[in-house]
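Heads up: the structure comes next, in structure tokens.
Every number here is computed from the coordinates shown, using simple stated rules; none is lab data. None of these values were measured; they are calculated from a predicted model. As a convention, Cβ positions derive from the backbone with ideal geometry for all residues, glycine included, and neighbour counts pool all protein chains shown.
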Amino acid sequence: MSALKMTSEARSLIQDIPSLKQVRGPLWNAALSDAMVIRHHHGESLDPRPMTNDHFSIVIAGGMAVRIGCDDGRVFNTHKVRAGEMCVLSLTMLANQPIKVSDVVAEGDLVLIRIPARYLDALMAESKAFRDFALASMTSCFVRMVDLVTEVAFVRLPQRIEKTLYELSETTGQNVLRITHQDIANDLGSSREVISRLLKAMERDGRLKLGRGAITLYPQFKEAYRERQHSAAGNSN
């Protein structure tokens, strides 16, 4: 992990996020001047325990997977924060709400900024663009958590594995994914043995290749996934 004071380069990264390009003014400039840039490599843990309630975070690149632990020892993802979104977990901590988070993991090469909490209320009050950005981030988090509940209840596990691999490939920009079977099990709240069996079936079908600590997606994997999504969207209309 690396952290540094906001620079002109980091300011230009902010401008690459369409929803933040409209946020302007002295208050926003001051907030950026006091912000810190945080970088994590793919798979690195952002241990939530030392996090404090003195800042809120915005993801610039990559993503974050928020995990909770069960009493039986299993760990699974509750939601993900994508590039161009505010971290709802940091807002929860600012509100002094109890949280049950065991880990936060970087997906792709994560770049985020941490802005001192003292700017949040003023930005929400003075900037409609910032307020819209924050509300959109919270809405996205809520929608994805509802989608997660729906998937667990109604979507078969092989399809959930495909979605996990596809989204990770899109986030990292890579077809060779540095992910283990246990990582996927954590992501989906399943067991490593079940995930391994289903992945081997996909390998036999010629859609991907399994390696030590890595999974390679073949072009037909993504093509088939996109076709199914397009077909599902058409059937729902």
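So, in nm, how far is label Glu167 from label Ser19 when the simple model puts each one 7 Å beyond its Cα toward the Cβ?
1.5
Report the FRET efficiency, 1/(1 + (r/R0)^6), for Lys128 and Asn29, where r is their Cβ-Cβ distance and R0 is 22 Å, rounded to 0.05.
Approximately 0.80, to the nearest 0.05.
Fewest Cβ neighbours within 10 Å first, please rank Phe130, Phe154, Phe76 accordingly. Could the numbers behind the result be given before it?
Values: Phe130 25, Phe154 7, Phe76 18.
By the 10 Å Cβ count, ascending: Phe154, Phe76, Phe130.
Run the quick spin-label model on Arg11 and Asp147: label points 7 Å from Cα toward the beta carbon, then report their separation in nm to one decimal.
Distance between label points: 3.5 nm.
Amide H neighbours of Gln174 under 5 Å, at least 5 residues apart or on other chains, H built in the peptide plane: list them.
Sorted by chain and number, the residues that satisfy this come to none at all.
Which value, in Å³ per residue, describes the convex hull spanned by the Cα atoms of the stretch 155-236?
Values: hull volume 7.7 nm³, N = 82.
In the stretch 155-236, the Cα convex hull volume per residue is 94 Å³.
Taking 0.36 nm per intervening residue step and subtracting the Cα-Cα distance, what contour gain separates Gln220 from Glu203 on full extension?
4.9 nm
Using the basic label-point model (7 angstrom from Cα toward the beta carbon), what is the Glu227 to Val194 distance in nanometres?
The modelled label-to-label distance comes out at 2.8 nm.
By how many nm would the segment from Asn53 to Arg212 grow when fully extended, if each residue of separation counts as 0.36 nm and the alpha-carbon distance is taken off?
Value of the extension gain: 53.4 nm.
Give me, ordered by chain and number, the residues 5 or more places off Ile179 or on other chains with an amide H under 5 Å from its own placed amide H.
Residues meeting the amide H criterion: Ala214, Ile215.
So what are the ³J(HN,Hα) numbers for the stretch 129-143, from phi and the Karplus equation (6.51, -1.76, 1.60; θ = phi - 60°), rounded to whole Hz, Gly and Pro as x?
4, 5, 4, 5, 4, 5, 5, 5, 5, 5, 5, 4, 4, 5, 4
Hey, what D do you get for the chain in µm²/s if you plug the Kirkwood alpha-carbon radius into Stokes-Einstein at 20 °C and 1.002 mPa s?
So the translational diffusion coefficient is about 112 µm²/s.
To the nearest 10 degrees, how steep is helix 219-236 against the longest Cα principal axis of the chain, on a 0 to 90 scale?
Helix 219-236 sits roughly 80 degrees off the main axis of the chain.
For Leu94 and His41, what does the FRET efficiency come to when R0 = 30 Å and r is the distance between their Cβ atoms, rounded to the nearest 0.05?
It comes out at approximately 0.65.
What are the ³J(HN,Hα) values, in whole Hz, obtained from phi via the Karplus relation 6.51 cos²θ - 1.76 cosθ + 1.60 with θ = phi - 60°, for each residue of the stretch 30-37 in sequence order, with x given for Gly and Pro?
5, 4, 5, 5, 9, 7, 10, 9
Can you list residues whose amide H is under 5 Å from Ser191's amide H, if they're 5+ apart or on another chain and H is modeled 1.01 Å from N?
Result for Ser191 returns nothing.
What is the magnitude of the charge dipole of the chain about its Cα centre, with +1 placed on the Cβ of each Lys and Arg, -1 on the Cβ of each Asp and Glu, and no other charges, expressed in debye to the nearest 20?
Details: 30 positive and 27 negative charges, 60 e Å.
It comes to approximately 300 debye.
Select from Val59, Ala106, Ser190 the residue farthest towards the positive end of the dipole of the chain; place +1 on Cβ of Lys and Arg, -1 on Cβ of Asp and Glu, and compute about the Cα centre.
Positive-end residue among those listed: Ser190.
Among the lysines, which have Cα under 28 Å from the Cα of Lys222 when same-chain residues fewer than 8 positions away are ignored?
Partners within reach: Lys80, Lys163, Lys200, Lys209.
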